[in-house]
Amino acid sequence: MGAGNAFAGGYLYGPLLGLTEVARLRLGHLVAATALGRDREVGPLPAMDAAQSRIERHRRFRMTRQGAHATGSDDTTRILLTGAAGRVGTQLRPLAAREGRTLRLLDITTPPAIEGTGAEETVIVSLTDAEALAEACRGVSAIVHLGGQSVESTLDDVLDRNVRGTLNVLEAARLAGVPRVVLASSAHAVGFHQYDGTPVAADAPARPDTLYGWSKAAIESAGQLYHDRFGMDIICLRIGSWFPRPVGIRGLATWLSPADGHRLVEACLSCHEPGYRIVWGVSRNTRGWVSLAEGEAIGYHPLDDAEQFAPEVIAQYGTPDPADLTATRLGGTWCANPMGQAW
């Protein structure tokens with residue numbers, strides 16, 4: 001049955017596809033690929049009645065790849081990076097390069113050539129193309145999903161690029177036996193939470209500030225679904241502001257340096273059986289608003305602090321008005337910007 005029918009009625013209950021040696025990915029959009037290793041074939045899951053727990057599903061899923069991250073090994077030999085041509089993906093690529101690792105770069109445009117990268121493959125695929133995504137996931141040990149709509153836009157845009165796109169990635173990962181997916185969520189999934197002096201927990205209930213923020217809350221929920229039903233390890237990153245330098249006064253609290261972003265991704269890839277969890281993607285900022293404990297629990301120990309930029313940021317943007325609620329809401333001015341419009 002084709003991956004294009006992945007969400008047809010009842011299909012999510014279908015068998016895991018057997019994985020065999022693939023000499024080359026034969027996507028029409030493939031720009032570069034290398035030979036993939038052999039994966040053990042895994043048969044379909046047996047029928048289960050209501051009394052059987054999801055533990056058996058979890059166990060069988062973990063058998064789909066030998067040496068997978070779900071068992072806490074160092075197998076990061078081939079990582080699929082979606083949104084690889086974007087700002088964050090471009091910053092991450094040279095930092096994530098290492099001996100024996102190949103990054104499979106996926107986007108709708110060719111990622112730019114940059115210095116310092118390691119072994120890479122490029123696949124030009126849309127997140128809305130479920131069948132091509134299923135092929136692109138073959139042979140990878142984990143997925144870092146950065147692709148999609150990155151700012152506020154129309155409902156159709158955020159539904160197609162973020163909600164449906166992420167569901168396609170998760171289903172493609174399941175079919176290919178990929179045991180771990182790291183999902184890029186956002187502080188805007190909880191943008192209306194107010195900082196009151198107590199760090200906001202990483203798993204604080206969703207309070208989106210925009211349709212974009214709502215779509216990020218939706219993909220977190222989708223990650224929970226795929227963990228509960230299929231035993232996949234899913235880590236959602238509520239990213240604050242991933243930039244080389246903090247942007248605006250809010251950035252002094254929410255900044256995630258590229259180096260810390262890389263530390264966070266590596267922690268997500270290497271931690272032992274994380275299950276499903278949400279962690280904050282922020283640096284160790286002196287003025288930080290959010291909890292770092294959940295990230296530390298999986299081995300993420302940020303080193304950078306936005307405070308080094310505070311004098312110049314305050315000089316540029318001024319001191320925030322204490323009466324302005326957007327100054328202490330996690331979503332900042334997004335809480336007041338027009339909703340459902342492309343910015």
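Between the residues Thr166, Gly191, Leu155, the greatest Cα displacement towards the positive end of the dipole of the stretch 130-216, with unit charges on the Cβ of Lys, Arg, Asp and Glu, is found for Thr166. Over the stretch 79-206, accessible surface divided per residue gives 34 Å², non-protein components excluded, 1.4 Å probe. Under the rule a/c < 1.5 gives rounded, and otherwise a/b versus b/c splits prolate from oblate, where does the stretch 159-242 land using the Cα gyration tensor? Prolate, because a/c is 1.5 or more and a/b exceeds b/c. The order of the peptides 256-266, 193-203 by mean Cβ neighbours within 10 Å, most packed first, is 256-266, 193-203. On the basis of the beta-carbon distance and an R0 of 30 Å, Tyr317 and Ala297 show a calculated FRET efficiency of 0.35. Taking Thr326, Thr110 and ordering them by how much accessible surface each has at a 1.4 Å probe, largest first, produces Thr110, Thr326.
Solvent exposure of the stretch 230-301, expressed per residue, is 30 Å² of accessible area, with all protein chains present and a 1.4 angstrom probe.
Taking the average, over residues, of other Cβ atoms within 10 Å as the packing measure, peptides 158-164, 292-298 rank 158-164, 292-298 from highest down. Please work out whether the stretch 272-343 counts as rounded, prolate or oblate from its C-alpha gyration tensor, where a ≥ b ≥ c are the square roots of the eigenvalues and a/c under 1.5 means rounded, while otherwise a/b larger than b/c means prolate and anything else oblate? Oblate, since a/c reaches 1.5 and b/c is not below a/b. Here the stretch 113-253 yields Rg over Rh of 0.99, to two decimals, using C-alpha coordinates and the Kirkwood radius.
Can you send over the carbon and sulfur percentage of the accessible area for the stretch 221-324, probe radius 1.4 Å, protein chains only? Ligands and nucleic acids excluded, carbon and sulfur reach 54 percent.
Taken over the Cα atoms of the stretch 185-343, the convex hull encloses 110 Å³ per residue. With a ≥ b ≥ c taken as the square roots of the eigenvalues of the C-alpha gyration tensor of the stretch 202-278, please select rounded if a/c is under 1.5 and otherwise prolate if a/b is larger than b/c or oblate if it is not? Here the stretch 202-278 falls in the oblate category.
Between Thr109 and Ser150, the simple spin-label model (points 7 angstrom out along Cα→Cβ) gives 1.0 nm.
Size descriptor for the stretch 86-157, Kirkwood hydrodynamic radius: 13.5 Å (Cα pairs only, one decimal).
The values are calculated or read from the model by the stated rules, or taken from the named source; none is laboratory data. Please read these numbers as outputs of a predicted model, since none were measured by experiment. Counting neighbours? That spans all protein chains shown, and the Cβs are built from the backbone with ideal geometry, glycine included. With ligands, DNA and RNA removed, areas are computed over all heavy atoms of the protein, side chains included. Shrake-Rupley method; radii C 1.70, N 1.55, O 1.52, S 1.80 Å.
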